[in-house]
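Student: Got a structure here, written out as C-alpha cells. Questions coming.
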Amino acid sequence: MKTNGMIKRGLTALTAAAVLASTFVGLTGSIASAQDAGATPAASASASPAAIGAVDTSKCWTTPPTFAAGYAQWSVAPQMVIDPAGKYTATMSTNKGDITIELYAAKAPIAVNNFICLAGNGYYDLTLFHRILAGFVVQGGDPTATGRGGPGYSIADELPTDLNYDAGTLAMANAGANTGGSQFFICLDDLSTKLQKNYTIFGKVTGGMDIVTALGQLPVQASSQGEVSSPVSRVGIVRITIVKQ
C-alpha cells in the first residue's frame with residue numbers, strides 16, 4: 001500500500017508514540033491555574049478515585065497508584081468494572097470546547113473499561129494533546145505530553161473486524177501488539193485505507209466534531225524528533241466525564 005510521506009510518518013509515530021512536546025507551562029483558564037502551582041497535568045497525588053455516572057471507578061484498582069514518575073501509575077491494568085452490554089458516553093471537555101464520544105463497550109470492553117477507569121481517577125485531567133497531524137489524527141492521553149508517558153501497564157488489543165478508521169473514530173495508540181496504555185487518537189479524516197487494523201477502536205465522536213476539526217487545524221511545529229506535529233499553543237483536556245445510559 002503506497003502512502004505519502006506524511007502518512008508514513010504518521011503510521012510510524014502512532015506505533016512508536018515518540019513525540020516530544022514543550023515543557024508544561026499551562027493551558028488556559030482552569031488548566032493554567034493548575035500549572036501556576038507547578039504541577040504537571042494529572043500528576044497531583046491528591047487525585048482520588050470517583051464514581052462517574054453508574055460506574056464506581058474506585059474499584060478499578062485494589063491498590064493506590066504510585067507517583068514516582070510525577071503522575072499516577074499502576075502496576076496492573078484495572079479490574080473490569082463496566083458492563084460490556086451497557087451504553088456509555090464520554091464528554092471530553094477541552095479548553096477549545098466539548099467533544100461527545102460514544103464508547104463501544106460491547107466491541108472493546110477492555111479498552112473502554114481502561115478509559116473509564118483512567119478518566120474516573122483523574123488521569124486525563126489537565127493533559128495536553130501532544131500530537132496533531134492535519135488530515136490524520138489528534139493524539140493525547142499522555143500526562144507528560146512527550147508521547148512516551150503511560151499508566152504503568154499495558155492492555156490487550158481488541159482489534160477491529162467490522163469497524164473502520166472513519167473520521168471521528170477513537171482508537172488506542174500503541175507501540176506494538178498488546179502495548180496500549182492510556183494514549184489514544186481521534187481520526188481527522190477517513191483513514192480506512194491508510195491505517196492497518198492494528199489499533200483498537202473503542203469509540204466514535206457523536207458531538208463536537210467541529211471542535212476536533214478545529215484542533216486538527218491548529219498550527220504545529222517540529223518536535224524534538226523532527227515531526228511537524230507539536231501544537232504551537234497548549235491545547236488539551238480539562239476533564240472527561242462518563243454517563244451510562
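Student: Quick check on segment 116-151: of everything there that is of a type in the set (A, V, I, L, M, F, W, C) and over 19 Å from Phe67 (Cα atoms), which residue is farthest from the chain's Cα centre (by Cα)?
Tutor: Ala134
Student: Continuing with this model, one more query. Under 7 Å between Cβ atoms, at least 6 apart or on separate chains: pull out the pairs that start in segment 71-99 with a residue that is at positive phi and end on any residue that is at pLDDT 95 or above.
Tutor: From residues that are at positive phi, the pairs are Gly97/Gly208; Gly97/Ile211.
Student: Just to be sure, is Lys244 basic (Lys, Arg), surrounded by 16 or more Cβ atoms within 10 Å (Cβ to Cβ) and under 17 Å from the mean Cα position of the chain (by Cα)?
Tutor: no
Quick grid of which residues meet (1) farther than 18 Å from Tyr88 by Cβ; (2) among the hydroxyl-bearing types (Ser, Thr, Tyr):
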position: Arg131; (1), (2): yes, no
position: Asp142; (1), (2): yes, no
position: Gly147; (1), (2): yes, no
position: Leu163; (1), (2): no, no
position: Asn178; (1), (2): yes, no
position: Ser182; (1), (2): no, yes
position: Thr200; (1), (2): no, yes
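Student: Looking at (1) more than 22 Å from Trp74 (Cα to Cα); (2) in contact with a Gly (Cβ under 6 Å, 6 or more places away or on another chain); (3) not hydrophobic (A, V, I, L, M, F, W, C), find the lone condition where Gly181 falls short.
Tutor: Among (1) more than 22 Å from Trp74 (Cα to Cα); (2) in contact with a Gly (Cβ under 6 Å, 6 or more places away or on another chain); (3) not hydrophobic (A, V, I, L, M, F, W, C), the lone unmet condition for Gly181 is (1).
Student: Among the residues of segment 66-82, is there at least one that is in a loop (DSSP other than H, G, I, E, B), at pLDDT 95 or above and either basic (Lys, Arg) or more than 21 Å from Phe184 (Cα to Cα) (or both)?
Tutor: yes
Student: In addition: Among the residues of segment 157-179, write down those that are part of a loop (DSSP other than H, G, I, E, B), without any contact (Cβ under 8 Å) to a residue 40 or more places away in the chain and small (Gly, Ala, Ser).
Tutor: Ala177
Student: Here's another thing I want to ask about it. How many residues, within segment 121-137, are over 14 Å from Glu227 (Cβ atoms) and touching a Leu at 6+ places or on another chain (Cβ under 9 Å)?
Tutor: 5
Student: So, one more: Filter segment 152-179 for residues that are within 26 Å of Gly70 (Cα to Cα) and buried (at least 20 other Cβ atoms within 10 Å of the Cβ); which is farthest from the chain's Cα centre (by Cα)?
Tutor: The selected residue is Ile155.
Student: Filter segment 83-119 down to residues that are over 12 Å from Thr57 (Cβ atoms) and either among the small types (Gly, Ala, Ser) or assigned to a helix (DSSP H, G or I) (or both), then give me how many there are.
Tutor: Counting residues in segment 83-119 that are over 12 Å from Thr57 (Cβ atoms) and either among the small types (Gly, Ala, Ser) or assigned to a helix (DSSP H, G or I) (or both) gives 12.
Student: From the list Ser182, Ser230, pick out the single residue that is buried (at least 18 other Cβ atoms within 10 Å of the Cβ), assigned to a loop (DSSP other than H, G, I, E, B) and touching a residue at least 40 places away in the same chain (Cβ under 8 Å).
Tutor: Residue meeting the stated conditions: Ser182.
The values are calculated or read from the model by the stated rules, or taken from the named source; none is laboratory data. Not measured: the values here are computed from a predicted model. Note that we place each Cβ from the backbone using ideal geometry, even for glycine, and neighbour counts take in every protein chain shown.
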